[in-house]
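Student: Take this structure first; my questions come after.
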Amino acid sequence: MRKRLTITSMKKMKQERNAISVLTAYDYPSAKLAEEAGIDVILVGDSLGNVVLGYETTIPVTIDDIVYHTKAVARGAGHTFIVADMPFMTYGASRETTLRNAARIMQEGGAHALKLEGGTEIAADVEALVKAGIPVMGHIGLTPQSVHQLGGYKVQGKLDREAERLMNDAKALEQAGAFSIVMELVTEPLAAAISEALAIPTIGIGAGRGCDGQVLVYHDLLQYASPYTPKKFVKTYADIGTTIREAIESYVQDVKGAAFPAEEHAFLGHTSAVQPLYGGIGSPAATEEKPSNEANEKAAPEVKTL
């Protein structure tokens, strides 16, 4: 039985240049398979809004959604470090609201840490959560919850002012107590520079080769979608979507052509053994022998009349 990672062991992995593998998962079987495959960290991302719930963005995802899916993941991956996203507007409005929502995800969902999007503007919330005993992973660069403000899904850090802001954001999160930071769609040179500047591990997604670990979305890694849209920063390792579609098509054809179920899928036996299951003719109640009227007459005592 393998030992679950801790925030301390992840920091040691950075120091030893042992890359950290992170993968999203949203349900029991996905989490179980990820753990069996040896993944270091599972992220229950609000990306479930896109790949599981069918939303165009992550903004509609609720705290109930995250709690529900985190509980399923925790049941499937009992020996893996689990991080859960705090959804849109469940933090940052007030300290009390942030702590209450964070407590729900930790207590009801079973997460070991939370991920928050943003930089200097949420540093105070990160600090409050850490002081309350909740490990926090930061998230900078492209922050999907702010996609409308950013003007779409664009690479971040191309301009000098953007690069300076992202470096300041990363340092502010580290100073606030974050144990790790995700960098999404950040230029490779900038991501490498931030990784070198921090003592905590960085996890890249579309941020190049200089990060301390990498994260991919489960459905991207496996092409578990229809239609699947290729992404420059994603390497796919299987085409599960096509496999699933073809398997279902074969099932439909077998049903239509009476090829399924076949003899090997049926329970064969005598009719008399089946009928009792449905309380019909042949059941013990229906076939139990009863004395005939003739037998009753013979058994009755003789009565004499005057």
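We did not get these values from a lab; they are worked out from the coordinates using the rules stated. Note that the structure is a prediction, hence the values are computed from the model and not measured. Neighbour counts run over all protein chains shown; Cβ positions are idealised from the backbone, glycine included.
Student: If you take the square roots of the eigenvalues of the alpha-carbon gyration tensor of segment 7-235 and sort them as a ≥ b ≥ c, do you get rounded (a/c under 1.5), prolate (a/b over b/c) or oblate? The partial results should precede the final answer.
Tutor: On the way: a/c = 1.23, a/b = 1.11, b/c = 1.10.
Rounded shape, in that the Cα axes give a/c under 1.5.
Student: Right, something else. What residues qualify as long-range amide H neighbours of VAL182, i.e. H under 5 Å apart, gap of 5 or more or another chain, H built at 1.01 Å from N?
Tutor: Amide H neighbours of VAL182: GLY138, HIS139, ILE140, ILE203.
Student: Sticking with this one: Would you pull out the residues with amide H under 5 Å of LYS115's amide H, same chain only if 5 or more places away, H placed 1.01 Å from N?
Tutor: It is ALA84, ASP85, MET86, MET137, by chain and number.
Student: Under a Cβ-only charge scheme (Lys and Arg +1, Asp and Glu -1), can you give me the dipole magnitude of the chain about the Cα centre, in debye to the nearest 20? Each step should come with its number before you reach the end.
Tutor: Details: 29 positive and 37 negative charges, 192 e Å.
Around 920 debye, computed over the chain.
Student: List the residues whose amide H sits under 5 Å from the amide H of TYR26, counting only those 5 or more places along or on another chain, with H placed 1.01 Å from N in the peptide plane.
Tutor: Sorted by chain and number, the residues that satisfy this are ALA31.
Student: Read phi for every residue in segment 50-60 and hand back ³J(HN,Hα) as whole Hz from Karplus 6.51 cos²θ - 1.76 cosθ + 1.60, θ = phi - 60°, with x for Gly and Pro.
Tutor: Those phi angles translate into 7, 8, 10, 9, x, 7, 6, 9, 8, 4, x Hz.
Student: Cα gyration tensor of segment 122-223, axes a ≥ b ≥ c as square roots of the eigenvalues: rounded (a/c below 1.5), prolate (a/b > b/c) or oblate? Write down the numbers at each step before the final one.
Tutor: Details: a/c = 1.41, a/b = 1.27, b/c = 1.11.
Here segment 122-223 falls in the rounded category.
Student: Going by how many other Cβ atoms sit within 10 Å of their own, how do THR70, THR6 line up, fewest first?
Tutor: Details: THR70 27, THR6 14.
By the 10 Å Cβ count, ascending, the order reads THR6, THR70.
Student: Along the Cα→Cβ direction, 7 angstrom out, place labels at ALA19 and ASP239. What is the inter-label distance in nm?
Tutor: Calculated label separation equals 2.5 nm.
Student: Now, a different point. Just order 17-29, 131-143 by mean Cβ neighbour count inside 10 Å, highest at the front, would you?
Tutor: Numbers: 17-29: 18.8, 131-143: 21.5.
Those peptides, ordered most packed to least, come out 131-143, 17-29.
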